[in-house]
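Visitor: Just passing along the structure, written as structure tokens.
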Amino acid sequence: MSSPFPLTPEIAAGFARIALGHVTRPWPYKLDQVLTDDGDLALPRRLHPIFFGSFDWHSCVHGYWLLAAVRRRFPDHPIAAEIDARFAEAFTEVAVEGERAFLRRPSARGFERPYGWAWLLKLQSELIALGGPWAPRLAPLAADFADRFRNHLPLATYPVRTGVHSSTAFALALALDYAEASGDAGLGDLLRAKALAWYALDRDCQAWEPSGEDFLSPALMEAECLRRVLPGEDFRAWLAGFLPRAAGGEPASLFTPASVSDRSDGKIAHLDGLNLSRAWCWRNIAVALGTGDPAAAAARAAADAHLDASLPHVAGDYMGEHWLASFALLALTAGGDPMVGPRPELRPDVSGREAEAGSPEAAACALREGRLVLLPTETVYGLAADAGDPRAVAAVYAAKGRPAFNPLIAHVADVEAARRIAVFSPEAEILAAAFWPGPLTLVLPVQPGGRVCDLARAGLDTVAVRVPSHPLARRVLEAFAGPVAAPSANRSGRPSPTTFAAALSETGEAAAVALDGGPCEVGLESTVVALLDAPRLLRPGRVTREQIEALVGPLAEAEADARRSPGRLTRHYAPEAPVRLEAKGPGPGEIFLAFGPAAEGPNVLNLSPSGDLEEAAANLFTFLRAADARGASGIAVAPIPEAGLGEAINDRLRRAAGAIG
Ligand code: TXA
Ligand code: MG
């Protein structure tokens, strides 16, 4: 589950130090300028008051992007203060106007098209996410480049299918990030339309690459571009046609890192960038494919192989050093920033426009990346995660504070999707037909092989499903095309939020995208009915007892979970085998659930070798079941720290051990 290439604070700060070392280094510098008379000649610093370093304009722009990205992810690291000081010196109003003045020269129409344009917009999307004064300061410059895309794309009849700066796939991908972050829906539509027109019909890619000066993979960049455009299921179908032999590692050229013969040669050193940018694409593709797809493992392995080949070479020779760390950071932050948890991509702020900028497509994208979304429904706002991703679900529990692993409701787009995760009885069909989409949740036997993970179900072999009726929720669920776990978005012990502002102030900090759906129409959580033995009302709500009884007969009362937690409505998985806490290792016949560094062995299941509580939470119920499935005579569990999610893990373990309930 954990990557061999984590983005640690030390690595991120190392990258930032490299960038701080070159964004103001004036020489050598390669100008991109068409001269029209003697007066055009000037020092780079005069022509480009902000982006005069880093060997060339676009490298300087993405050097600043790197700084902003590190600054946002590691705000408490000492390097943050240095980055702030750099921004304060660089991003003055006068300097922004100076950069804009260069663009207004008639001879500058093709300046940095489209690569530098895309990076400038990517920088701006990161500054928006960062919050503070810099996004508003650079907004006029970003708007200039957004306009350039708006003017140029209608004229761009054909894509440019190269692996260098002229790549249209790379430009569209980065510009899409900006369109989403800034809420520029018109630009987003234009970019998506071009991406589809250019790439959607591509099939059976032969991938004759790399070319000797590539730093982008034409094939994978196209896939990475469409990944941002097509909803999950559609993207997977497209990729299956584009790279039909990916699961078997074909075409081999895409799975094999390029070898770099001379790192002091600027063009040959591009190939290190190719390896890093391929790792970026492969990681994102692997996440989009999900664990069930046979190509996902090949994609992950390819990402690791490419990182292994070029991550050691981001610094050393200036021909690579002035730009490679940005591509390394793209790769190490791909697939949902595994080491830094869910950081806000669009920082929710009740007054700011960023939070409103979230679109259903951006939300679906965040969910695919394992991040969290504030989701309006007709009942209350939910804090949503991919129900098939235990780490994302663990992050939901963590965000709610004083976490308890109550089973969560899986939200789906329609009854067909519900049937894929739950087993429907005739009563279930009747209630679904009568009340969906709408505020009714059904607790049903879980469908074997369904996508809702153990943690989202608290280890039970039942699953709660509902099809919400709120139009925004429905669009997210359609775009995501999978079950979404979403408890009410309140922090633990507080009332469920029924307005956007309330939802933001409860758990908005944890969400990568927040969708404003206005005040909730129902304002009360959904009615929960279990259809397991007899129909049972677990939680009353807008759909009333009378309405339900009219269709399926009398409802039994909710019964407490007599086995482990009398008096509580919430059931959890209770293992067959006796549980022994605070254990140092397995006794005879026992399975040992380790935590942190521990000896491996046939009787050992490690909840998290690195001592990560989110990972341990994600594995907890699955491992308890696995221990039972292996017929263990007992389950010995290592001590788990009580902090954060540890409290909920220990609560579950104590109940399982019979110390509570
Ligand atoms: O209206 C709603 O249902 C909202 C919106 C966001 O959809 N969601 C919500 O989720 O209220 P939450 O997690 O706050 O409440 C879910 C309820 C809990 O009482 C939980 O115990 C119950 O559903 N539940 C979920 N899965 C269950 C299962 N397998 N068996 C019994 N109860 C279950
Ligand atoms: Mg709740």
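Visitor: How about residue 194: which lysines have a C-alpha closer than 25 Å to its C-alpha, ignoring those fewer than 8 places off in the same chain?
Guide: Qualifying lysines at Cα under 25 Å: 122.
Visitor: Please check the chain for the longest run free of GluC sites (Glu not before Pro) that are loop-located per DSSP (anything but H, G, I, E, B) and have at most 15 other Cβ atoms within 10 Å.
Guide: Counting only loop sites that pass the neighbour cut-off, the longest clear stretch is 1-520.
Visitor: If you take every residue apart from residue 448 with its C-beta less than 14 Å away from the C-beta of residue 448, what net charge results, scoring Lys and Arg +1 and Asp and Glu -1?
Guide: +3
Visitor: Further, regarding this structure: Per 10 Å bin, what is the whole-percent P(r) computed from every C-alpha pair distance within segment 149-256?
Guide: Binned Cα distances yield the sequence 15, 45, 32, 8, 0.
Visitor: Keeping the other protein chains in place, figure out the carbon and sulfur percent of the accessible area of the chain, with a 1.4 Å probe.
Guide: Within the chain, the accessible surface is 54 percent carbon and sulfur.
Visitor: A follow-up question, please. Ignoring ligands, DNA and RNA, what accessible area per residue does segment 394-537 give at 1.4 Å, in Å²?
Guide: On a per-residue basis, 35 Å².
Visitor: Output ³J(HN,Hα) for segment 277-288: one whole-Hz value per residue in order, computed from phi by the Karplus curve 6.51 cos²θ - 1.76 cosθ + 1.60 with θ = phi - 60°, and x for Gly and Pro.
Guide: 6, 5, 4, 4, 5, 4, 5, 5, 5, 4, 5, 5
Visitor: May I ask you to work out the translational diffusion coefficient for the chain at 20 °C, viscosity 1.002 mPa s, via Stokes-Einstein with Rh from the Kirkwood sum over Cα pairs, reported in whole µm²/s?
Guide: The estimated diffusion coefficient comes to 81 µm²/s.
Visitor: Additional query: Which lysines, if any, have their Cα less than 18 Å from the Cα of residue 30, not counting same-chain residues under 8 positions apart?
Guide: Residue 30 reaches 267.
Visitor: Report the full-extension gain for the segment residue 305 to residue 144: residue separation times 0.36 nm, less the Cα-Cα distance, to one decimal in nm.
Guide: Value of the extension gain: 54.1 nm.
Visitor: Taking only protein heavy atoms and a 1.4 Å probe, what accessible area per residue, in Å², does segment 32-172 have with all protein chains in place?
Guide: 40 Å²
Visitor: Angle check, please: helix 57-73 long axis (alpha carbons) against the longest principal axis of the chain (alpha carbons), in degrees 0 to 90, nearest 10.
Guide: On a 0 to 90 degree scale, this one is about 30.
Visitor: Over segment 116-233, what is the mean sequence separation of C-alpha contacts under 8 Å (at least six apart), divided by residue count, expressed as relative contact order in percent?
Guide: Relative contact order, segment 116-233: 30 percent.
Visitor: Rounded to the nearest 0.05, what FRET efficiency do residue 581 and residue 38 have when you use their Cβ-Cβ distance and R0 = 60 Å?
Guide: E between residue 581 and residue 38, to the nearest 0.05, is 0.15.
Visitor: Report for the chain the percent antiparallel among DSSP-assigned beta bridges with both residues inside it, nearest 5.
Guide: Of those bridges, close to 45 percent are antiparallel.
Visitor: Pop the C-beta distance of residue 30 and residue 629 into the FRET formula with R0 = 60 Å and round what comes out to the nearest 0.05.
Guide: 0.45
Visitor: Checking the a/c ratio against 1.5 first, then a/b against b/c, what shape does the Cα gyration tensor give for segment 357-418?
Guide: Since a/c stays below 1.5, the shape of segment 357-418 is classed as rounded.
Visitor: Something else about it: Using R₀ = 22 Å, calculate the FRET efficiency as 1/(1 + (r/R₀)^6) where r is the Cβ-Cβ separation of residue 234 and residue 415; round to 0.05.
Guide: Plugging the Cβ-Cβ distance into 1/(1 + (r/R0)^6) gives 0.60.
Visitor: Follow-up. Taking only DSSP H segments of four or more residues, each worth -39500 (n - 2.57), what value at 222 nm results for the chain once the sum is divided by all its residues, to the nearest 500 deg cm²/dmol?
Guide: Mean residue ellipticity, 222 nm, calculated: -13500 deg cm²/dmol.
Visitor: Take every DSSP beta bridge whose two residues both sit in segment 385-533, then give the antiparallel share in percent to the nearest 5.
Guide: 55 percent
Visitor: Per 0.36 nm of contour for each residue apart, how much would the distance between residue 155 and residue 545 grow if the chain were fully extended, relative to their Cα-Cα spacing?
Guide: 134.3 nm is the gain from fully extending residue 155 to residue 545.
Visitor: Hey, what angle do you get for helix 232-242 against the long axis of the chain, alpha-carbon based, 0 to 90 degrees rounded to 10?
Guide: Tilt of helix 232-242: around 60 degrees.
Visitor: Enter the angle in degrees (range 0 to 90, nearest 10) between the Cα long axis of helix 93-104 and the first principal axis of the Cα atoms of the chain, meaning the one along which they spread out most.
Guide: So the inclination is approximately 70 degrees.
The values are calculated or read from the model by the stated rules, or taken from the named source; none is laboratory data. All values derive from a computational prediction rather than experimental measurement. Glycine also receives a Cβ, built like all others from the backbone with ideal geometry; neighbour counts cover every protein chain displayed. Ligands, DNA and RNA are excluded from the accessible area calculation, which covers all protein heavy atoms including side chains. Shrake-Rupley method; radii C 1.70, N 1.55, O 1.52, S 1.80 Å.
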